[in-house]
Amino acid sequence: LYSSVAVSSVYGKPGVKLSPTLAAFTNGVATHSMDFDDTWHPATHPSGAVLPALLAASQMLPPNTKPNGLDFLLAFNVGLEVQGRLMHFSTEAHDIPKRFHPPSVVGTLGSAAAAAKLLSLSPAQCCHALGIAASLAGAPMANAATQAKPLHVGNATRLGLEAALLAARGMEANPLILDDIPGCSGFSAFYGVYQPKPLPAPGEHHQFLLEKQDIAFKRFPAHLGMHWVVDAALSVRNLFINYAGSFSPSLIRSITLKIPVSKYINRPFPSSEHQARHSFQFNACAALLDGEVGLGSFSESSIQRQELRELLDKVVVEHPEDNVANFDKMYGEVALLLHSGDVLTGKCDTFYGHWRKPLSKESLLKKFRSNASHVLPEEKIEAIITLVDNLENLPDSSQL
């Protein structure tokens, strides 16, 4: 389990391999380091905790037992399914989180479930894997917008894999950990309003949650809530240019953001990259000033710009009662009050990339090519795209 034998690859580091659990941890941290990973509803980052565990486990298994691409896809779906089912059992989980960072909770159990499926654990071992994972789960939201936050996803993928491996070796846990047992906190320790329901046995017509609801893929690397205010800001910026001929901050008296109440992403003057990725105010002003938000928006030089600081000084935040802290129901609104007395308003209730308005295949590939180009030559990038497009036909998923 904690072998020093290095068999599993590290993202972007050719020739570097680690033990499976450490590779899963390292790749999980990398997945969340820029807040560029996918999102779901109820709120979590579903893939980041699952994919690195499956990749590490695939490389760990002996040559004659390597899972094929279809096995890999099924295990991945199981990892997401478990996360979604657990969150659907809690009304608290439907809102922007206040206590625990969801990937550190459901992601750990999703990683354990996915690894258990890939490793062909018995039903009893699967129960124990989830029970063990529950004891390894949970990280506080207070570490949002810090360098520690990516550790949440890294730990989820690693500890879930460890839980499955421990269960495979005979470790036992409470098989009722996911039930709601009065007076005995199990999974309900993470979610105060938790009411699990019996699920029908999977059969030929079983429908995964992933078939019912798409995943949200972000266009730029920042907290999901930022995507509403950025699209609203870009909308009102276009109105401003049509009004004045160009974007001129000196014509603006105040900028009103109408956003839901969420303390950890209400940051008036962020001073670091991670704080900027978690600031409604910063992302709205960066979009207004530059006409886009991208990788370069979160560099130190960009954050410290005088013209950006001057815009931030003009921001006023309002929390309308109908704008709830829920990624399925919230909206972002940006209103510019000009010195002339005119008001220009932009509003977004479904940004491009949301599960209701998913990115096109073309946009996804553009994002992947852009990110991968930092560590891979073009021919390898295209080879990965071909591999993933035909994943269900791949004889050995460790090739990923």
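The values are calculated or read from the model by the stated rules, or taken from the named source; none is laboratory data. The shown structure was predicted, so the numbers you read here are calculated from the model rather than taken from an experiment. With ideal geometry, Cβ positions are generated from the backbone for all residues, glycine too; neighbour counts draw on all protein chains shown. Note: accessible area is taken over every heavy atom of the protein model, side chains too, but ligands, DNA and RNA are not part of it. Shrake-Rupley method; radii C 1.70, N 1.55, O 1.52, S 1.80 Å.
Computed from Cα positions, the angle between helix 361-372 and the longest principal axis of the chain comes to roughly 80 degrees.
Applying the Kirkwood pairwise sum to the alpha-carbon positions of the range 268-400 produces a hydrodynamic radius of 18.2 angstrom.
Rolling a 1.4 angstrom probe over the protein heavy atoms with all chains in place gives the range 224-348 an accessible area of 42 Å² per residue. The charge dipole of the chain, taken about its Cα centre with unit charges on the Cβ of Lys, Arg, Asp and Glu (plus for the first two, minus for the last two), comes to roughly 500 debye. If R0 equals 41 Å, the separation of the Cβ atoms of Met171 and Asn326 corresponds to a calculated FRET efficiency of about 0.60. Report note on the peptides 310-323, 8-21: ranked by the mean count of other C-beta atoms within 10 Å, highest first, their order is 8-21, 310-323.
Label point of Gln306 set 7 angstrom out along Cα-Cβ; within the range 274-289, amide nitrogens under 18 Å from it belong to 289. The modelled label-to-label distance for the pair Ser373/Asp313, using points 7 Å beyond Cα in the direction of Cβ, is 3.7 nm. With each label modelled as a point 7 angstrom along the Cα→C-beta vector, the Ile384-Lys197 pair spans 3.9 nm.
About the centre of its Cα atoms, the range 224-348 shows a dipole size close to 120 debye [charges on the beta carbon of Lys, Arg (+1) and Asp, Glu (-1) only; nearest 20 debye]. Hey, if you put +1 on the Cβ of every Lys and Arg and -1 on every Asp and Glu Cβ in the range 197-301, which of Leu210, Ile259, Cys285 ends up farthest toward the positive end of that dipole? Positive-end residue among those listed: Ile259. With the cut-off at 20 Å, tell me which of the pairs Lys66/Lys361; Lys212/Lys361; Lys218/Lys329; Lys98/Lys263; Lys66/Lys212; Lys117/Lys218 have Cα atoms farther apart than that. Violating the 20 Å limit, Cα to Cα: Lys66/Lys361; Lys66/Lys212; Lys117/Lys218.
Compactness of the range 74-195 is given as radius of gyration and Dmax, 13.6, 40 Å, from Cα positions. When both the range 354-400 and the range 22-48 are represented by their alpha-carbon centers, they are found 17 Å apart. Computed across the range 360-399, the Kirkwood hydrodynamic radius from all distinct Cα-Cα pairs reaches 10.9 Å. When the alpha carbon coordinates of the range 8-213 are projected onto the principal axes, the ranges are 49, 41, 33 Å, largest first. Charge dipole of the range 360-399 (Cα centre as origin; +1 on each Lys and Arg Cβ, -1 on each Asp and Glu Cβ, all else neutral): 260 debye, rounded to the nearest 20. Note the angle between two axes, namely the Cα long axis of helix 226-244 and the longest principal axis of the Cα atoms of the chain, as a number of degrees from 0 to 90, rounded to the nearest 10. The two axes meet at around 20 degrees.
Computed over every Cα-Cα pair of the range 49-135 and binned at 10 Å starting from 0, the pair-distance distribution P(r) comes out as 18, 48, 26, 7, 1 percent. The packing ranking, built from the mean of other Cβ atoms within 10 Å per residue, places the peptides 188-196, 113-121, 63-71 in the order 113-121, 188-196, 63-71, highest first. When Rg and the Kirkwood radius Rh are both evaluated on Cα atoms of the chain, their ratio Rg/Rh stands at 1.00. Heavy-atom surface analysis with a 1.4 Å probe gives the chain a carbon and sulfur content of 55 percent of its accessible area. Largest first and in whole Å, the equivalent-ellipsoid semi-axes of the range 104-171 read 24, 10, 8, each the square root of five times a Cα gyration tensor eigenvalue. Heavy-atom accessible area with a 1.4 Å probe sorts Cys126, Cys348, largest first, into Cys126, Cys348.
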